[in-house]
1. Which shape class applies to the range 76-201: rounded if a/c is under 1.5, otherwise prolate when a/b exceeds b/c and oblate if not, where a ≥ b ≥ c are the square roots of the Cα gyration tensor eigenvalues?
2. Taking 0.36 nm per intervening residue step and subtracting the Cα-Cα distance, what contour gain separates HIS126 from LEU77 on full extension?
3. With an 8 Å cut-off on Cα pairs and a minimum separation of 6 or more residues, tell me the relative contact order of the range 283-501 in percent.
4. If you average the sequence gap of Cα pairs under 8 Å that are 6 or more apart and divide by the length of the range 228-365, what percent do you get for the contact order?
5. How many Lys pairs in the range 76-201 lie less than 28 angstrom apart by Cα atoms, where the lysines are 8 or more positions apart or on different chains?
6. Given 0.36 nm per residue, what is the gain on full extension from ASP38 to ASP104 after removing their alpha carbon distance, in nm?
7. Convert each backbone phi in the range 451-465 into a coupling constant with the Karplus relation 6.51 cos²θ - 1.76 cosθ + 1.60 (shift: θ = phi - 60°), then list the ³J(HN,Hα) values in order as whole Hz, x for Gly and Pro.
8. Once fully extended, how much extra length lies between ASP89 and LYS256, figured as 0.36 nm per residue of separation less the alpha-carbon to alpha-carbon distance?
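Since every read-out is calculated from the coordinates, none of them should be taken as a lab result. Note that the structure is predicted; figures quoted are calculated from it, not measured. Here Cβ is always computed from backbone atoms with ideal geometry, including for glycine, and neighbour counts include all displayed protein chains.
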Amino acid sequence: MNADLIITGASALTMDPQNPKAAAVAIADGRIIEVGTDNAVMAHAGPDTRIVKANGATLLPGFIEAHMHLFGGGASLKHLLLTGTKGFDAICEKVQAHAKAHPDAKVIYVQGVDYDMLDGQSFDRHILDRMIADRPLAFVAFDFHTMWANTRLLEDVGLLKGKQLGPGNEIVMGDDGLATGELREVEAFGPVDIYAGEQRSGLGLATGGEPDPAPTEQERARDKADIMAGLKWCARHGITSIHNMDGNLYTLDLLKEIEADGNLICRVKVPFHFKNFMGLEMLNKASMMHETYQGDWVNSGMVKCFCDGVMEGFTGYLVEDYADRPGYHGEPLFTEEQMTAMMVEADRRGLQIAVHSCGDGAVRQVLNGYEAAQKANGARDARHRVEHIELIQESDIARFKELGAIASMQPPHPPGAMDFPVEPAKTRIGPDRWHLAYAWRRMIDAGAHVVFSSDWPVARIDVLAGIHAALTWEPWEPHLPRQTVTLHEALAGYTIEGAYAEHAEDRKGLIKKGYLADFVLLSGDIEATPVTDIPGLTPVMTICGGKVTHETGN
């Protein structure tokens with residue numbers, strides 16, 4: 001059989017324990033038809049075969065981004081990104097320049113904001129007013145769990161005098177009886193996105209519902225363009241599969257339209273987002289989404305929800321009090337009874353479950369729910385997921401293997417590992433718990449399936465930077481255990497473990513004959529590259545379904 005494309009002269013790391021290394025790969029009709037030596041693979045060359053010479057560079061299975069937000073991430077590419085900027089003057093200069101360049105923006109969005117950009121001083125509306133007072137201005141925390149608004153924006157959306165919200169959400173109020181500008185969690189800042197006309201890209205997170213009123217053709221085209229921008233950004237970084245961690249039917253429908261147009265360049269899993277105000281009957285919609293979308297390019301079959309927020313904003317749910325806020329340990333977004341009832345029913349329907357759980361209290365509540373589902377419905381190969389696990393109790397580590405639960409973790413997230421500042425997370429957690437924070441090593445050693453990702457746009461989508469973080473993150477204090485992983489473990493976390501997490505290890509995540517032709521070719525040999533230089537490597541070619549979706553220079 002003649003190949004459509006052949007890659008030769010590679011240092012292929014197949015992730016296949018039966019055949020861990022190869023020099024060449026041949027693909028045809030979207031599948032791998034040969035893996036092996038240059039000579040063996042070149043036997044499949046025909047007159048129309050494209051031949052790519054890797055020149056010793058690493059060829060890997062396409063990266064699987066196991067936790068990210070495609071629609072919102074694509075939309076965010078239009079906003080100002082402040083990652084790494086420090087001090088009022090530097091921030092103000094960038095914000096004012098961006099505002100000047102976007103005179104028609106209804107809300108000036110600023111993203112990548114960390115909690116300690118002003119050297120210990122907290123953001124509030126008065127600080128934002130000093131930057132821009134006559135136009136609505138919104139600062140969005142890097143974790144997307146906190147927003148700061150200037151006075152003009154608070155007035156325009158009717159939040160200056162506060163508003164009653166559900167558990168785990170807060171409009172922080174000042175001594176003057178007016179909002180300080182700090183808006184914690186999506187119920188608090190959702191009105192800003194609606195006011196700005198950007199709510200559709202965040203609906204899969206905010207409500208899990210559908211756009212109402214239905215988008216106009218112009219709005220629909222703009223939304224597809226945002227998703228396409230996100231897909232191209234993923235392909236540029238070597239990503240071939242996406243586990244989207246928010247969703248609704250609208251997102252699935254747009255992806256199917258993009259697929260029908262021949263423009264879908266990554267495979268995408270989209271969940272149903274279950275919110276704490278929903279009844280169990282809403283799982284009928286999750287089942288319908290699963291039955292409707294089951295392809296290798298667009299599929300559903302997952303229920304996503306949030307158990308808590310983030311520790312930086314005191315919205316993470318802890319077993320014991322915050323170290324810097326005695327008497328307070330956060331609150332879950334669901335009662336344990338609510339969450340367990342949802343999990344039992346979703347599991348009964350054969351749906352996979354993924355729950356945002358940053359604090360150790362949230363992790364425990366979610367594991368308790370998975371255990372209850374097993375007892376109610378019987379054990380099955382469900383591979384339910386716990387997302388983030390930024391803090392865990394010692395006694396809960398072994399439960400992942402016992403329950404068959406997936407530990408979905410993000411190497412870019414530990415403060416100090418990549419772009420996020422050490423404070424305030426280090427202080428919030430406190431020295432008694434530091435050794436149980438971001439415990440990738442402990443989880444792997446305990447036999448858990450650990451899958452890696454970025455949570456883009458929360459963190460940079462750059463997989464190679466994430467791999468570097470997984471290999472090098474230094475503990476906050478010298479006496480603490482290192483949580484770093486090996487290169488092979490890191491690569492597995494972005495490939496075969498991602499495939500396993502979506503029950504697809506029989507067809508992707510490996511470079512193996514018969515598997516889907518999803519690859520990333522790097523600019524060099526990652527095994528021969530000093531660890532410190534790994535972030536300097538880049539994907540020079542991404543192939544998904546046998547088609548080149550990104551190529552350096554194109």
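1. Values: a/c = 1.45, a/b = 1.24, b/c = 1.17.
Rounded.
2. Working: separation 49, 0.36 × 49 = 17.64 nm, distance 2.69 nm.
15.0 nm is the gain from fully extending HIS126 to LEU77.
3. Details: 412 pairs, mean separation 34.9, N = 219.
Rounded, it is 16 percent for the range 283-501.
4. Working: 221 pairs, mean separation 29.8, N = 138.
Worked out over the range 228-365, it gives 22 percent.
5. So the count works out to 10.
6. Values: separation 66, 0.36 × 66 = 23.76 nm, distance 5.57 nm.
Separation in residues times 0.36 nm, less the Cα-Cα distance, equals 18.2 nm.
7. Computed from phi, the couplings for the range 451-465 are 10, 10, 5, 10, 6, 3, x, 4, 10, 4, 7, 4, 5, 5, 5 Hz.
8. Values: separation 167, 0.36 × 167 = 60.12 nm, distance 4.53 nm.
Length gained, ASP89 through LYS256: 55.6 nm.
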